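K.L.:
One structure is given below, represented as structure tokens, and several questions about it will come after.
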Amino acid sequence: MAPGSRYAAGARTHAGMVRDNNEDAFVAADGVYVVADGMGGHQAGEVASALAIDVVRDAHSSGFESVTDLEKAIRDANTSIRLHAADTLERAGMGTTLTGVVALQDTDDDPTPRLAIANVGDSRTYLHRDRRLVCLTVDHSYVQELVRTGQITEQEARFHPRRNIVTRALGIDRNVAVDAWVRACVRGDRYLVCSDGLVDEVPDHEIAAVLEGVADPQAAADQLVEMANRHGGRDNVTVIVVDVLDGLDAPPDDDVLPAGAVDDGGLPTEVTWADENVDPDATTLLPVSPGAAAAGSVRSSQPTETLPVTSLPSASAPQTSRRRFGVPQFLFLLALGAIATVVIVVALLAVRDEPGPADEVPVVRVPTTESDTPDDSVVGPGATPTTRPTVVQSTTSTAPGSTAGAVVP
Ligand code: MG
């Protein structure tokens with residue numbers, strides 16, 4: 001069976017209502033349903049996202065037997081973006097997110113129809129089944145990390161000023177960590193692959209309503225893009241709706257269907273979470289009801305202005321799973337800095353207060369001409385001034401309050 005024959009898909013992309021260019025790219029044909037959201041100035045984002053899509057599509061044309069093939073294609077895309085960026089100064093630092101669904105070839109050893117899902121960045125892949133919508137991917141974003149570590153709530157994340165920062169993307173580092181896993185093809189499942197331009201604008205329950213109510217995948221994709229634009233369209237938006245036409249029956253009990261870590265009715269499921277710290281249970285089923293909020297469904301309300309990992313604030317933002325810099329490390333450095341400052345200040349004060357040859361309190365014998373002033377009167381710092389102007393000459397004392405070197409009235 002051809003890789004894409006089990007699926008019907010509709011797709012649409014749009015620059016949105018604010019931006020002039022569209023840095024999103026996608027492929028939705030022949031068993032490859034992938035979205036990439038590019039980043040970088042001088043149209044570099046467009047180049048990066050298009051490169052990533054091309055590499056994955058071309059690799060899949062030879063067939064993917066396992067999720068490993070998908071992971072390798074994504075890593076090859078990462079390399080390709082970096083090579084192109086190295087050729088042109090204006091494209092330095094360009095990158096892209098990537099997520100989506102790809103068909104896997106049936107094998108003689110395992111006739112179970114399977115598909116693979118992968119994610120890098122904050123574009124998302126959802127599953128809609130039985131009137132419920134679940135986000136299968138976990139965002140690699142700054143605010144998602146804050147939510148995961150309990151520093152902010154999901155509601156706060158929606159309006160966080162740094163909600164547009166991604167912590168993982170293709171094209172940034174030599175090696176890229178890819179979240180990828182395998183799911184069984186279940187007849188009637190509907191997958192939604194989208195850039196953050198959709199989820200930033202449209203609440204999950206509205207997305208779910210369209211997926212449930214619009215049968216044609218192309219019409220559903222069109223409606224979702226139009227909804228994003230009606231809500232503001234502050235970012236490029238890309239939507240792919242993929243229907244599974246042929247496959248296994250849905251498992252009888254899927255009340256709990258967290259991310260890709262859970263198999264379908266005992267079917268074999270491979271899970272290769274690239275980030276061991278990612279909690280696969282961070283996503284839960286979202287009932288199709290107004291006001292419902294999906295755990296792990298961190299969304300921003302601003303257009304994506306994704307920053308390369310290397311631009312993240314190091315104090316609290318995790319950059320990658322390999323270079324995590326958390327609050328404990330920050331507090332430790334803060335305390336270390338405070339101690340060092342105190343030590344330096346104390347040392348300076350000690351040196352300053354210690355009397356030395358040059359710091360000795362000046363004792364100046366003041367010549368007098370008045371008979372009411374003893375010839376051997378001594379005037380020093382803090383001495384009560386006489387009733388006549390007297391110049392007390394000293395060249396060394398700088399002690400506060402000292403009258404040395406000043407004209408004493
Ligand atoms: Mg975007």
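K.L.:
When Lys and Arg each count +1 and Asp and Glu each count -1, what net charge do the other residues less than 15 Å away from Ala86, Cβ to Cβ, add up to?
P.N.:
Net charge in that neighbourhood comes out at 0.
K.L.:
Can you compute 3J(HN,Hα) from phi for each residue in the range 91-105, using the Karplus curve 6.51 cos²θ - 1.76 cosθ + 1.60 with θ = phi - 60°, rounded to whole Hz and x for Gly and Pro?
P.N.:
For the range 91-105, the Karplus-derived couplings read 9, 4, x, 5, x, 7, 7, 6, 8, x, 10, 10, 6, 9, 5 Hz, x marking Gly and Pro.
K.L.:
Per residue Cα convex hull volume for the range 126-207, in cubic angstrom?
P.N.:
132 Å³
K.L.:
Taking amide H atoms as placed 1.01 Å from N in the peptide plane, list the residues 5 or more away in sequence, or in a different chain, whose amide H sits under 5 Å from that of Phe64.
P.N.:
Result for Phe64 returns Gln105.
K.L.:
A further question follows. Place +1 on the Cβ of every Lys and Arg and -1 on the Cβ of every Asp and Glu in the range 14-96, take the dipole about the Cα centre, and give the residue among Gly93, Phe26, Ile74 whose Cα lies farthest towards its positive end.
P.N.:
Looking along the dipole axis, the top candidate is Gly93.
K.L.:
What's the ranking of 196-207, 136-147 by average number of surrounding C-beta atoms within 10 Å, highest first?
P.N.:
136-147, 196-207
K.L.:
Per residue, how much accessible area does the range 138-218 show when a 1.4 Å probe rolls over the protein heavy atoms, in square angstrom?
P.N.:
Per-residue value: 32 Å².
K.L.:
Same structure, new question: Run the dipole for the range 75-170 about the Cα centre, Lys and Arg Cβ at +1, Asp and Glu Cβ at -1, nothing else charged, and hand back the magnitude in debye, nearest 20.
P.N.:
460 debye
K.L.:
Going by amide H atoms built from the backbone, whose H comes under 5 Å of the H on Thr137, apart from near neighbours?
P.N.:
Amide H neighbours of Thr137, under 5 Å, 5+ apart: Thr125.
K.L.:
Further question: Can you bin the range 49-203 into rounded, prolate or oblate? Criterion: square roots of the alpha carbon gyration tensor eigenvalues sorted a ≥ b ≥ c, rounded for a/c under 1.5, prolate for a/b above b/c, oblate for the rest.
P.N.:
In terms of gyration-tensor shape, oblate.
K.L.:
In addition: What is the spread of the Cα atoms of the range 26-108 along each of their three principal axes, largest first, in whole Å?
P.N.:
Computed over the range 26-108, the largest-to-smallest principal extents equal 48, 20, 15 Å.
K.L.:
Let me ask something else. Among rounded, prolate and oblate, which fits the range 105-144 when a ≥ b ≥ c are the square roots of the eigenvalues of its C-alpha gyration tensor, a/c under 1.5 means rounded, and a/b larger than b/c means prolate?
P.N.:
Oblate is the answer for the range 105-144, as a/c is 1.5 or above yet b/c matches or exceeds a/b.
K.L.:
With charges only on Cβ, +1 for K and R and -1 for D and E, what is the dipole size of the range 1-107 about its Cα centre, in debye, rounded to 20?
P.N.:
Dipole size: approximately 140 debye.
K.L.:
Identify, among Val102, Met39, His60, the residue whose Cα sits farthest towards the positive end of the charge dipole of the range 23-116, taking +1 on the Cβ of Lys and Arg and -1 on the Cβ of Asp and Glu, with the dipole about the Cα centre.
P.N.:
Checking the options against the dipole of the range 23-116, the answer is Met39.
K.L.:
A follow-up question, please. Could you derive backbone 3J(HN,Hα) for the range 17-27 from the dihedral phi with the Karplus parameters 6.51, -1.76 and 1.60 (θ = phi - 60°), listing whole Hz in sequence and x where the residue is Gly or Pro?
P.N.:
9, 10, 8, 7, 10, 10, 9, 7, 9, 7, 9
The values are calculated or read from the model by the stated rules, or taken from the named source; none is laboratory data. Just so we're clear, the structure is a prediction, and the values are computed from it rather than from any experiment. Virtual Cβ from ideal backbone geometry, glycine too; neighbours counted across all protein chains shown. For accessibility, only protein heavy atoms count, side chains too; no ligands or nucleic acids. Shrake-Rupley method; radii C 1.70, N 1.55, O 1.52, S 1.80 Å.
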